[in-house]
Amino acid sequence: MSSPERTIVNLLAEIAFSFDGAILGLTLAFSSVRSAFKYASNSAALNKIKEAPEVSVSDLRSLIPTTEEQQYGSSENGNSHDRRIVIVRGTVKPGDGSNKNNVLISSETGDKALIIQRTQTYMYSGWKTLFQLSNTHRFILERTLPKQGTYCMRRVPFVIVENNQKQPLSSFLVVNMDGSRQPLPLTTVYSRLQPMTSSPFSFLQALLFPEYPVGLLDVERILPPGRDITAVGICSFNNGVPEIKSCEDLPYFLSEMNKDKMISDLMSRSSVLFWGGLIMGCVSIGILSFAAVRSWNRWKLWANQRQTPQTPNQPVVEDETEDADEIPDGQLCVICVSRRRIPAFIPCGHIVCCRQCALTVERESNPKCPVCLQSIRGSMRVYYS
């Protein structure tokens, strides 16, 4: 770890443990609340997938009403049942039910695909710099270095058919990917790291910066035809053709897992979110309670110090000068044996010292009575009438 990173870590640790750990407790509480919200959404998605039927493509017409039935049902009951979450397992085929068999062909490998995703990312390496520049200068110079390359995604319309169905397509399910944000089950077919060409500018980057580009990673991922996948989403009929769209409340749209694996995966996520949020919540409550108690004790001590007069800096009133020969032996101070016993210790009540020796005893770190060795809180002058 370099010195700037170590400084940042130390600064973050000081901020986290400041105010008796109140900031750390608030951070853990915020994380616990976020885990609770994620657990709630994950549980809702789990319930929806459990209730969703797992059907084949040919069974969709018996499960979901057609357009005429939807209109008839909406006129009869005042509502429509055209939006229903289903789980369909099948094989990916190109086209939208007609004779469109156009597919994409990878320019690198020549593989046929329905979706091609290509990313180009700069790969960085680093070492301890020779000249430590300021953060402002490093930021100005690093703005000329792009961290991310290009990203492109091409696709053609495709459908899902029965696993054992042959051409021509008699029953199919159209996949509508408009607005879908869930990750797709793509296969990496091309991955190559192209080294950066050496130049005086690249040598200057390696000399001055903690990170410098060493290559360009080119990755290509495709969705090949004939692949078995599971579609999870809202199914409806569009002009008599079944169509499935992604649901924003579900973490899956196209996946290699079946219904049982999806349920198992969501249950494990829910368990991690529940126990993680519970542990972070308990720890945050403990830290915040400790910080509150410490702050309350400090406030009470500060209030007591404001109310109690500061007597140690006041001048000590000298006792009336009196000859030690005129004082009886039973009334002499047990410490200096030269002045009369005047104050009484609190709470034991023993009168054994003069005023000066009593103040000396009270100023000790653990003041105790010289006779009974009981802890004392102060002294009080006693007047004899």
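Quick note: the coordinates plus some simple rules give every number you see, no bench work behind them. These figures come from a predicted structure and were not determined experimentally. Cβ atoms come from the backbone with ideal geometry, glycine included; neighbour counts cover every protein chain shown.
With a simple spin-label model that places each label point 7 Å from the Cα along the Cα-to-Cβ direction, the separation between VAL371 and ARG155 comes to 9.5 nm.
Amide H to amide H, with H built 1.01 Å from N, SER379 comes under 5 Å of ILE346, counting only residues 5 or more places away or on other chains.
Roughly speaking, what is the stretch gain from LYS259 to ARG298, that is 0.36 nm per residue apart minus the C-alpha to C-alpha distance, in nm to one decimal? Intermediate values should be presented prior to the final figure.
Working: separation 39, 0.36 × 39 = 14.04 nm, distance 5.78 nm.
Once the chain is fully extended between LYS259 and ARG298, it gains 8.3 nm.
When the inverse distances between all different Cα atoms of the stretch 210-266 are averaged and flipped, the Kirkwood radius reads 14.9 angstrom.
If R₀ is 35 angstrom, what is the calculated FRET efficiency for the pair GLU54 and SER31, using the beta carbon separation as r and rounding to 0.05?
On the way: r = 35 Å, r/R0 = 1.01.
Taking R0 as 35 Å, the efficiency between GLU54 and SER31 is 0.50.
Hey, if you drop one equal point scatterer on each alpha-carbon of the stretch 324-381 and run the Debye formula without solvent, what base-10 log of I(q)/I(0) do you get at q = 0.12, 0.18, 0.29, 0.31 Å⁻¹? Values returned for q = 0.12, 0.18, 0.29, 0.31 Å⁻¹ are -0.24, -0.52, -1.20, -1.33. Modelled spin labels at SER43 and SER180, positioned 7 Å past Cα toward Cβ, are 3.0 nm from each other. Stretching LEU217 away from LEU11 to a fully extended chain increases their span by 70.7 nm, per 0.36 nm per residue minus the current alpha-carbon distance. The ASP228 and SER289 beta-carbon pair, evaluated with R₀ = 51 Å, returns a calculated FRET efficiency of approximately 0.40.
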